[in-house]
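**Student:** Below you'll find the structure I mean.
The values are calculated or read from the model by the stated rules, or taken from the named source; none is laboratory data. Worth saying up front: this structure is predicted, and the values here are computed from it rather than measured. Glycine also receives a Cβ, built like all others from the backbone with ideal geometry; neighbour counts cover every protein chain displayed.
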Ligand code: SF4
């Protein structure tokens, strides 16, 4: 324990000695929460800034897609199964929670396999799993789809709003308005995708990328690794979170994704439409595609009035700079998804009183 | 949602599933994404699936931490 303490203070010393203006972005919502909780921000020199990026899957879901989900849940005969995080996300008319109180059959599951079980037990209903998440979650959903297909369950489908992270990072790096000097890369997404996508990003955009874990020590170590590269003018992809992430990633998960999904263009809150950033069922699995099965049209993105989530998600502003933050918008009465989600930057700033 | 919890594999069950121990609670998860996992190893669990085999010492330390650090909402 003592040696840990010494090590942490030596990392902090290194970080505090930085005199350049450096902006690092943490891509992952779990990092946003972990950084807020640890109080690391208060220990950084003022010239070193940490920005939150587009790494909260609930937050980056486009407003039009949320409205589509809520309308689907209200159709008769539908059971919508979702992760708990989605329940309070505001749509233009209501949230899923409000839809449920009006009588829609919406159930919270921990795993997509629970949704398959619900389908088995309710053959007279159409069970739709709401597929939201990045490369960490999508393989689990893909396997649920395979299971349903193997078992010949005809009443299970998935509304896939899954997204993949690297194309969004390209958008961030290409935007002249967003100034970032290095990326704290998502630990859990990288378990699946490995280091390769970051090697390309680091090369193409000359940005150091470090895949980092979620303990305070991990994050400090990740920051030091990034600063070392910044100081030396390097741009490499490295793994700090070696005890979990392998350079090649999880090959079984990658294969599963490739088999079940194809990449398509997708809309992101804040980042707009990004080519090859969404996952749609491949032809072989088409019958599981809820979008096709229920002929769900493309909903227009009607922005939530006053909510600046899109700018928060791209690091253009910090949550404080949104005029509604902690005034009209709080976790009890959230206006946008960045305040609803446990991984949202606004929720993190509010909960841990970051000033 | 992206939170990964380490868990010890206790027993294999049919259908590429396993019973894992998370801090004294036994949970059924799928091991389809880590087909090489062995009994006694630790895995990182996400959305009911083992995502990866993780270092044992680290897993134990994290479980200890999780026990101490209950979330501290406002
Ligand atoms: S504080 Fe609320 S309204 Fe403002 S950006 Fe965040 S979620 Fe949107």
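**Student:** Could you say which residue among A:346, A:338 is within 8 Å of the ligand (Cβ to nearest atom), within 19 Å of residue A:180 (Cβ to Cβ) and under 19 Å from the mean Cα position of the chain (by Cα)?
**Tutor:** Every option except A:338 fails the conditions.
**Student:** Just for helices (runs of 4 or more DSSP H) wholly inside the range A:1-85: which have at least 2 residues that are closer than 25 Å to residue A:162 by Cα?
**Tutor:** Per the criteria, A:29-38, A:57-60, A:63-73.
**Student:** Now for a separate question. Name the residues in the range B:21-46 that are more than 13 Å from chain A (Cβ to nearest Cβ) and exposed (fewer than 15 other Cβ atoms within 10 Å of the Cβ), would you?
**Tutor:** B:23, B:24, B:26, B:38, B:39, B:40, listed by residue number.
**Student:** Residue by residue through the range A:72-88, note down the ones that are over 22 Å from residue A:113 (Cα atoms) and touching a residue at least 24 places away in the same chain (Cβ under 8 Å).
**Tutor:** Taking the range A:72-88 first, the residues over 22 Å from residue A:113 (Cα atoms) are A:74-76, A:88.
A:74, A:75, A:88 - these are the residues of the range A:72-88 that are over 22 Å from residue A:113 (Cα atoms) and touching a residue at least 24 places away in the same chain (Cβ under 8 Å).
**Student:** Given the conditions (1) more than 29 Å from residue A:238 (Cβ to Cβ); (2) within 11 Å of another protein chain (Cβ to nearest Cβ), which single one is not true for residue A:128?
**Tutor:** For residue A:128, the exception is condition (2).
**Student:** While we're on this one: List the number of the failed condition for residue A:260; all other conditions in (1) within 14 Å of chain B (Cβ to nearest Cβ); (2) near the ligand (Cβ under 9 Å from one of its atoms); (3) closer than 22 Å to residue A:163 by Cα; (4) in contact (Cβ under 8 Å) with a residue 60 or more places away in the chain hold.
**Tutor:** (2)
**Student:** Taking residue A:310, is it without any contact (Cβ under 8 Å) to a residue 60 or more places away in the chain and buried (at least 19 other Cβ atoms within 10 Å of the Cβ)?
**Tutor:** yes
**Student:** Let me ask something else about it. Any residue in the range A:268-282 that is more than 16 Å from the ligand (Cβ to nearest atom) and not in a strand (DSSP E or B)?
**Tutor:** Yes, the range A:268-282 has at least one match.
**Student:** Only one of (1) buried (at least 18 other Cβ atoms within 10 Å of the Cβ); (2) at pLDDT below 95 is not met by residue A:94, so which one is it?
**Tutor:** Of the numbered conditions (1) buried (at least 18 other Cβ atoms within 10 Å of the Cβ); (2) at pLDDT below 95, the odd one out for residue A:94 is (1).
**Student:** Can we say residue A:100 is surrounded by fewer than 22 Cβ atoms within 10 Å (Cβ to Cβ), assigned by TED's automatic domain parsing to the domain that holds residue A:229 and either closer than 28 Å to residue A:123 by Cα or touching a residue at least 24 places away in the same chain (Cβ under 8 Å) (or both)?
**Tutor:** yes
**Student:** Here is a check on your reading of the model: is residue A:211 at pLDDT 95 or above, crowded, with 22+ Cβ neighbours inside 10 Å and either more than 14 Å from chain B (Cβ to nearest Cβ) or in contact with a strand residue (DSSP E or B) (Cβ under 8 Å, 6 or more places away or on another chain) (or both)?
**Tutor:** Details: at pLDDT 95 or above: yes; crowded, with 22+ Cβ neighbours inside 10 Å: yes; either more than 14 Å from chain B (Cβ to nearest Cβ) or in contact with a strand residue (DSSP E or B) (Cβ under 8 Å, 6 or more places away or on another chain) (or both): yes.
The answer is yes for residue A:211.
**Student:** Sticking with this one: Of the residues in the range A:216-229, how many are closer than 16 Å to residue A:191 by Cβ and either touching a helix residue (DSSP H, G or I) at 6+ places or on another chain (Cβ under 6 Å) or within 14 Å of chain B (Cβ to nearest Cβ) (or both)?
**Tutor:** Summing the residues that are closer than 16 Å to residue A:191 by Cβ and either touching a helix residue (DSSP H, G or I) at 6+ places or on another chain (Cβ under 6 Å) or within 14 Å of chain B (Cβ to nearest Cβ) (or both) in the range A:216-229 gives 1.
**Student:** Say we look at the range A:311-332 and pick out the residues that are over 20 Å from the mean Cα position of the chain (by Cα) and within 14 Å of chain B (Cβ to nearest Cβ); which of these is farthest from the ligand (Cβ to nearest atom)?
**Tutor:** By that ranking, first place goes to A:332.
**Student:** Over 26 Å from residue A:169 (Cβ atoms) and more than 10 Å from the ligand (Cβ to nearest atom): is that true of residue A:355 in this structure?
**Tutor:** Yes: the conditions hold for residue A:355.
**Student:** Taking residue A:39, is it in contact (Cβ under 8 Å) with a residue 60 or more places away in the chain and surrounded by 24 or more Cβ atoms within 10 Å (Cβ to Cβ)?
**Tutor:** Answer is no for this residue.
**Student:** Any idea which residue in the range A:286-310 is nearest to residue A:158 (Cα to Cα), counting only those that are within 16 Å of the ligand (Cβ to nearest atom) and part of a loop (DSSP other than H, G, I, E, B)?
**Tutor:** By that ranking, first place goes to A:301.
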